[in-house]
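Novice: I have a structure here, written as structure tokens, and I will follow up with some questions on it.
The values are calculated or read from the model by the stated rules, or taken from the named source; none is laboratory data. Keep in mind that what you see is a predicted model, and the values were worked out from it rather than measured. Here Cβ is always computed from backbone atoms with ideal geometry, including for glycine, and neighbour counts include all displayed protein chains. Only protein heavy atoms, including side chains, enter the accessible area calculation; ligands, DNA and RNA are left aside. Shrake-Rupley method; radii C 1.70, N 1.55, O 1.52, S 1.80 Å.
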Amino acid sequence: MLLEIKNLHVRAGDTQILKGVNLNVEAGEIHAIMGPNGSGKSTLANVVAGHPAYEVTEGTVRYDGDDLLELDTDERARDGVFLAFQYPVEIPGVSNSQLMRQAYNERRKARGEDELDPLQFDDYVREKVKVVDMDPDFLDRSVNVDFSGGEKKRNEILQMAVLEPRLALLDETDSGLDIDALRVVSNGINQLAGDDNAVVLVTHYQRILDYVEPDKVHAMVDGEIVQSGGKELAMELEERGYDWVAKQKGAAQ
Amino acid sequence: MSSNIESYLDQPYEAGFHSDVEMEKLEPGLDEDKIRQISAKKDEPDWLLEFRLKAYEHWKTMEEPDWANVEYDKPNFDEITYYSAPKNQPKKDSLDEVDPAILETYEKLGIPLHEQKMLQNVAVDAVFDSVSVATTFKKKLKEAGVIFCSISEAVEEYPELVKKYLGTVVPYTDNFYATLNSAVFSDGSFVYVPEGVTCPMELSTYFRINDQHTGQFERTLIICEDDAYVSYLEGCTAPQFDTNQLHAAVVELVALENAEIKYSTVQNWYAGDEEGTGGIYNFVTKRGVCEGDNSKISWTQVETGSAITWKYPSCVLKGDNSIGEFYSVALTNNHQQADTGTKMVHIGKNTKSTIISKGISAGVSQNSYRGLVKMAPSAEGARNYSECDSMLIGDRCGAHTFPYIDVRNPTAQVEHEASTSRIGEEQLFYFLQRGIDEEDAISMIISGFCKDIFHELPMEFAVEARKLLGIKLEGSVG
Ligand SMILES: Nc1ncnc2c1ncn2[C@@H]1O[C@H](COP(=O)(O)OP(=O)(O)O)[C@@H](O)[C@H]1O
Ligand SMILES: [Mg+2]
């Protein structure tokens, strides 16, 4: 099992956000997590990535058999956990290629491989830029500074393509994209997805699932995964709304 | 997490050691007799003694100013020693007779004075407490016609030049600390680049305060004749004492027609400890005049040290089409206070000035930018662009901006931009999530923030500056 989450309870400040999440993700799978605003989807992704604002009060998260919560945020990243941010931050004066080269080389160092020098990295990254259909000038721009919403999302996908994570968590990477950008983003995800890695898509809409075929779909309501199924669940959620699953959850209790 | 950032910035002060060197000092305190003694020790001509005495008389009528956004206990001028020099003074041009303890001091600071060990292409004048102890690469410079020596030596060897320019940019009446400096200055550097000469190497002065109770009052004078060019660098450190030492320097630059002076500073005076005890009071007057048409003066400073910094490197743009530039990074941490900025005084036609100021504040420090852009009635078509960016680390520090604009010519244009940002948890999380550790993340963020300034520094200094800001360099320099 690549990611195994059991009975996860998470709190930020005084608010209990996750109330017993269970989730199993095998290598080679694509999962989609859907749910209304405020249900805790971003929190789940952030906790797996190691965001310092959240406190795990109960439960376990195992990654490739190891206790993930024991690892520091940057160690998790070097171990192959990647989060595409819902709201990527701006970093003035640090270029996209600088950030990616540093990140990529940290990963190589952690694996005992030689670092790439700037020219070698440039060759490597230019191939990746094609995946997301961006102008190579993009590499020299400061990270996310003056990027449009769509560019920020593409940039997250570019970083994912460069870092080739084993577990990619994508937090609403599809929201706010026009159809061309959505295709580009989907294409990036499909290129990454393979037998050795897994993708967890956090999304509001089933629209992206027309381009990225999920193996499993989960409905999250109020800090819990209340229903899991195949692609048909996404259609059902879209048609009947989250109230429907929420009610089902209520009925089940 | 932000407390981690702070502890990362709180790296120990590596230059804080004190060297045991036998010194010859005057008794603390100041009166006319002391000034005569300083002048006598240096065998000075009468006109210079006159200059000092006039300054002293004027100083007695002045009050210490308090308009800056800094708070400190005013120095007790009776407790300061105004002259302190290593006893074992070298003969000119020979390093062999410099006290080995002094050579060792500079070696430890990474500034070896022996030419074979030195940085290629950087000539160094080393000032230890009150006096210059060594100037390197003198011969090579002389061949090019460039004079680079201590100001004491210049008074002896080139009295006409010194007399012609000393006090013309910063008059002895200028301000409290400049006036005090005019009365008691002991040494500093002198540079003269004759007409048409591009100085073949970077010139650098390294200031070291060693003594606990000595004020450092150095005086630097740089003159670039028509079509000449020089790049001058200044570095400074001091030992760690729990008392405050006063550093009140005056720097004067004169650029004649088509001349260009590039003046860079990496200031790393001791800043005091985490509780705010000790550290240097850095009250400095730096000013350049673009006397000739098409001349240019450019100030670049990286200010990381001192308990209190109070300085405004300025340009008086007299010549038509002359250019003034000010590029600054000021970092304050713990209890440090900095009130720094620039003055651009436009007098000539079509004069241009650029101000880029980056303030980084951490701990409980206060960081103020104060700048004046003045367009005189004669400044037809003059332009200024100013940009002041502040970065806050943690939420107990402060950043302030005081831009003063005075435009008296309707064709002049002034543009001012300002921004404030904070290294936040989200920014750090972004780096960590990409596998970059916190130390590298902060380095990259700060380095990115200061990029435009580092770009202006000569390469060796850019490296030192990055290191100073705790930055591990990734990729290419400059
Ligand atoms: N750092 C935080 N501090 C306090 N409350 C938070 C924090 N992060 C999220 N929350 C709260 O937790 C709930 C779930 O948020 P989130 O995980 O962002 O939901 P979703 O991504 O599903 O919209 C919301 O009510 C939100 O306000
Ligand atoms: Mg969300």
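Novice: Of all residues in the stretch A:1-11, count the ones that are within 13 Å of ligand 1 (Cβ to nearest atom) and modelled with pLDDT under 95.
Specialist: Going through the stretch A:1-11 one residue at a time, the tally reaches 0.
Novice: If you go through the stretch A:206-219 one residue at a time, do you hit one that is assigned to a strand (DSSP E or B), away from chain B (no Cβ under 14 Å), away from ligand 2 (no atom under 16 Å from the Cβ) and farther than 26 Å from residue A:101 by Cα?
Specialist: yes
Novice: Okay, next question. For the stretch B:342-351, does any single residue satisfy the condition of being in contact with an Asp or Glu (Cβ under 8 Å, 6 or more places away or on another chain), more than 22 Å from residue B:224 (Cβ to Cβ) and hydroxyl-bearing (Ser, Thr, Tyr)?
Specialist: Scanning the stretch B:342-351 turns up no residue that is in contact with an Asp or Glu (Cβ under 8 Å, 6 or more places away or on another chain), more than 22 Å from residue B:224 (Cβ to Cβ) and hydroxyl-bearing (Ser, Thr, Tyr).
Novice: Let me ask something else. Could you identify the single residue in B:197, B:254 that is aliphatic (A, V, I, L, M) and open to solvent by less than 10 Å² (accessible area, probe 1.4 Å)?
Specialist: Sole residue among the options that is aliphatic (A, V, I, L, M) and open to solvent by less than 10 Å² (accessible area, probe 1.4 Å): B:254.
Novice: Against the condition touching a Lys or Arg at 6+ places or on another chain (Cβ under 8 Å), more than 16 Å from ligand 1 (Cβ to nearest atom) and not acidic (Asp, Glu), how does residue A:27 come out, does it pass? Steps first, please.
Specialist: On the way: touching a Lys or Arg at 6+ places or on another chain (Cβ under 8 Å): yes; more than 16 Å from ligand 1 (Cβ to nearest atom): yes; not acidic (Asp, Glu): yes.
Yes: the conditions hold for residue A:27.
Novice: Give B:412, B:465 a once-over and let me know the one that is at pLDDT 85 or above, surrounded by 14 or more Cβ atoms within 10 Å (Cβ to Cβ), more than 14 Å from every other protein chain (Cβ to nearest Cβ) and in contact with a strand residue (DSSP E or B) (Cβ under 7 Å, 6 or more places away or on another chain).
Specialist: Answer to the check: B:412.
Novice: Give the residues of the stretch B:370-426 that are acidic (Asp, Glu) and either in a strand (DSSP E or B) or touching a Lys or Arg at 6+ places or on another chain (Cβ under 9 Å) (or both), sorted by residue number.
Specialist: B:380, B:387, B:389, B:395, B:406, B:415, B:417
Novice: Go over the candidates B:202, B:143 one by one and state the one that is surrounded by fewer than 24 Cβ atoms within 10 Å (Cβ to Cβ) and over 17 Å from the mean Cα position of the chain (by Cα).
Specialist: Result: B:143 is the single residue among B:202, B:143 that is surrounded by fewer than 24 Cβ atoms within 10 Å (Cβ to Cβ) and over 17 Å from the mean Cα position of the chain (by Cα).
Novice: Shifting gears a bit: Hey, could you check the stretch B:449-461 for residues that are at the interface with chain A (Cβ under 9 Å from one of its Cβ atoms) and open to solvent by 10 Å² or more (accessible area, probe 1.4 Å) and say which is farthest from residue A:79 (Cα to Cα)?
Specialist: B:452
Novice: Could you please find all residues in the stretch B:205-251 being modelled with pLDDT of 95 or more, outside any strand (DSSP E or B) and open to solvent by less than 10 Å² (accessible area, probe 1.4 Å)?
Specialist: Within the stretch B:205-251, just B:228 meets the criteria.
Novice: While we're here: Just a yes or no: is a residue in the stretch B:311-320 under 21 Å from residue B:187 (Cβ atoms), within 14 Å of the chain's Cα centre (by Cα), in contact (Cβ under 8 Å) with a residue 60 or more places away in the chain and crowded, with 23+ Cβ neighbours inside 10 Å?
Specialist: Taking every residue of the stretch B:311-320 in turn, at least one turns out to be under 21 Å from residue B:187 (Cβ atoms), within 14 Å of the chain's Cα centre (by Cα), in contact (Cβ under 8 Å) with a residue 60 or more places away in the chain and crowded, with 23+ Cβ neighbours inside 10 Å.
Novice: Continuing with the same structure: Please determine whether any residue of the stretch A:38-54 is more than 16 Å from ligand 1 (Cβ to nearest atom) and touching a Ser or Thr at 6+ places or on another chain (Cβ under 9 Å).
Specialist: Taking the stretch A:38-54 and keeping what is more than 16 Å from ligand 1 (Cβ to nearest atom), we get none.
Scanning the stretch A:38-54, I find no residue that is more than 16 Å from ligand 1 (Cβ to nearest atom) and touching a Ser or Thr at 6+ places or on another chain (Cβ under 9 Å), so the answer is no.
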